[in-house]
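The values are calculated or read from the model by the stated rules, or taken from the named source; none is laboratory data. Quick caveat: nothing in here was measured; it's all calculated off a predicted structure. Cβ placement follows ideal geometry from the backbone for every residue including glycine, while neighbour counts extend to all protein chains displayed.
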Amino acid sequence: MKKLSNYLFLLLAFTSLVSCDLINGEPDEELTEQQVIAETLVGTWSVSSINVQGNNVLDVFGNFSVTFTADEALTSGSISVSGDAVPNTDAKLIGTSSASNWTFDGSSLTALVVNNIDGNASNFTATLNGDTELTLTFSYVAPTARLQGLVGDYVVVLTK
């Protein structure tokens, strides 16, 4: 009889645990690769190097930083960039505003579509190297002859 009561106790304990899980909701679903990347992108990233066409321009844009947020679904969010002002001009490389946002380009794990920017940057990619290093690449086309020296493909390494 004692053996039977032990089994009943274990069965009751197990049933209680299972029912508590059901009451608290379904277990968390597995995140997609894009959602994991989005989760890691969230936060402020500070520049550690910035190169254009192989030339180091860290002294020009040494305060460059990027802040990402993500929506609840971890599929898109806002982006803000600071420190991207071109010296002695009113131009910016990327030129984000409060309406600037990002999303993945289709099923890509690196290509980002960045919308509502005032600058002349395009073709964004963001590649994570672990949780604390991000390489952001983009192309810049100059709207005026005065900014021709900035034209090129940028590789910006940021850390969190």
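Among SER78, SER100, which is the only one that is at pLDDT 90 or above and within 17 Å of VAL36 (Cα to Cα)?
Details: SER100 fails: within 17 Å of VAL36 (Cα to Cα).
Testing whether each residue is at pLDDT 90 or above and within 17 Å of VAL36 (Cα to Cα) leaves just SER78.
Evaluating GLY95 against the criteria (1) under 30 Å from THR32 (Cβ atoms); (2) in contact (Cβ under 8 Å) with a residue 24 or more places away in the chain leaves one unmet condition, (1).
Of all residue pairs spaced 6 or more apart or on separate chains, those with beta-carbon atoms under 7 Å, a first member in segment 120-149 that is without any contact (Cβ under 8 Å) to a residue 12 or more places away in the chain and a second member that is surrounded by 14 or more Cβ atoms within 10 Å (Cβ to Cβ) and assigned to a loop (DSSP other than H, G, I, E, B) are GLN148/ALA142.
One line per residue, one yes/no per condition, for (1) farther than 18 Å from VAL156 by Cα; (2) among the basic types (Lys, Arg); (3) part of a loop (DSSP other than H, G, I, E, B):
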site	(1), (2), (3)
VAL36	yes, no, no
GLU39	yes, no, no
VAL47	no, no, no
ASN51	no, no, no
LEU58	no, no, yes
THR67	no, no, no
ALA70	yes, no, yes
LEU74	yes, no, yes
SER80	no, no, no
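Among residues of segment 46-67 that are in contact (Cβ under 8 Å) with a residue 40 or more places away in the chain, those with a Cβ under 6 angstrom from a residue that is part of a strand (DSSP E or B) and among the aromatic types (Phe, Trp, Tyr), sequence gap 6+ or separate chain, pair up as VAL52/TYR154; VAL66/TRP45.
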